[in-house]
Amino acid sequence: MVGIGGSVDPGSQSDRALRAVLTEVIARGAQVELFSGQDLDLPPYHSGAVLPDPARSYVEAVRRASAVVISSPGYHGTVSGLVKNALDYLEELRTDRRPYLDGRAVGLVAVARGWQASVGTLATLRQVTHALRGWPTPLGLAINSSMTKFDDDNYTDDPGVRAGISVMADQLVQFPNPQNAAVPP
Ligand SMILES: Cc1cc2nc3c(=O)[nH]c(=O)nc-3n(C[C@H](O)[C@H](O)[C@H](O)COP(=O)(O)O)c2cc1C
């Protein structure tokens, strides 16, 4: 599973929320790679670009992944440029056998200082995921960082958010993955 998102700001709440979800999927037996903040500080994507090494590692990790978690801060009401740019790099997967996010469960997390931006950002992440042929988990997380705080250990004492993270982790690991399907006799 690959985690994508967060911001470069110290103590980024979208980064910590992403790590909290990944901790729960690791507890359910998943292997995880994380691309967050500085890892995603990539030049603006354009088709035909020679990919910098960090972008190449990131695209290769998503290519291998059976599920993805995407966490974006709400910037001016929607997905941050850094996260959207990272998702644009997935254009590199367009000619794959499993193009883009095809066949992959996608957990979506949006964190903003108000409900309007967090809910709006979550809806946009769903639209982008559908465009990339991914399968958003039934539960997405809209988190209001003026009410819910993740500490340095990526822990929040908000019971509703903790419960949501747990449900999302279950849905991510339970998603029927064609790669894992039994081969017919
Ligand atoms: C450039 C910028 C734009 C932002 N726009 C909004 C916004 O429109 N609505 C909102 O509720 N919060 C907004 N925020 C606050 C972030 O959503 C908030 O800090 C949240 O915790 C996620 O960012 P973080 O991962 O860096 O903590 C903005 C922050 C920045 C830096």
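Throughout, read-outs are computed from the coordinates displayed, never taken from laboratory work. Remember, it's a predicted structure, so these values are computed and weren't measured experimentally. All Cβ positions, glycine included, derive from the backbone under ideal geometry; neighbour counts span all protein chains shown.
For the chain, what's the relative contact order in percent, using C-alpha pairs closer than 8 Å and at least 6 residues apart?
25 percent
Can you tell me which of ALA123, ALA67, ALA131 moves the most in a GNM of the chain? Springs connect C-alpha atoms under 10 Å apart.
Among ALA123, ALA67, ALA131, the largest GNM mean-square fluctuation belongs to ALA131.
Counting pairs of alpha carbon atoms under 8 Å apart in space and at least six apart in sequence, what relative contact order in percent does the range 4-62 give?
Across the range 4-62, relative contact order equals 33 percent.
At a 10 Å Cβ-Cβ cut-off, how would you order MET147, MET168, fewest neighbours first?
Ascending number of Cβ neighbours within 10 Å: MET147, MET168.
I want the antiparallel fraction of DSSP beta bridges within the chain, as a percent rounded to 5.
Roughly 10 percent of the beta bridges in the chain run antiparallel, per DSSP.
Do you know the relative contact order of the range 41-123, to the nearest whole percent, from alpha carbon pairs under 8 angstrom that are 6+ apart?
About 38 percent, as a whole number.
For the chain, build the convex hull from the C-alpha positions and give me its volume per residue in Å³.
Cα-based convex hull of the chain, divided per residue, equals 116 Å³.
May I ask for the distance between the Cα centers of the range 1-57 and the range 58-98, given as a whole number of Å?
Taking the Cα centre of each part, the range 1-57 and the range 58-98 sit 9 Å apart.
Between the DSSP loop rule and a limit of at most 11 other Cβ atoms within 10 Å, which chymotrypsin sites (Phe, Trp or Tyr not before Pro) in the range 47-100 are left?
Taking the range 47-100 and a limit of 11 other Cβ atoms within 10 Å, no loop chymotrypsin sites (Phe, Trp or Tyr not before Pro) are found.
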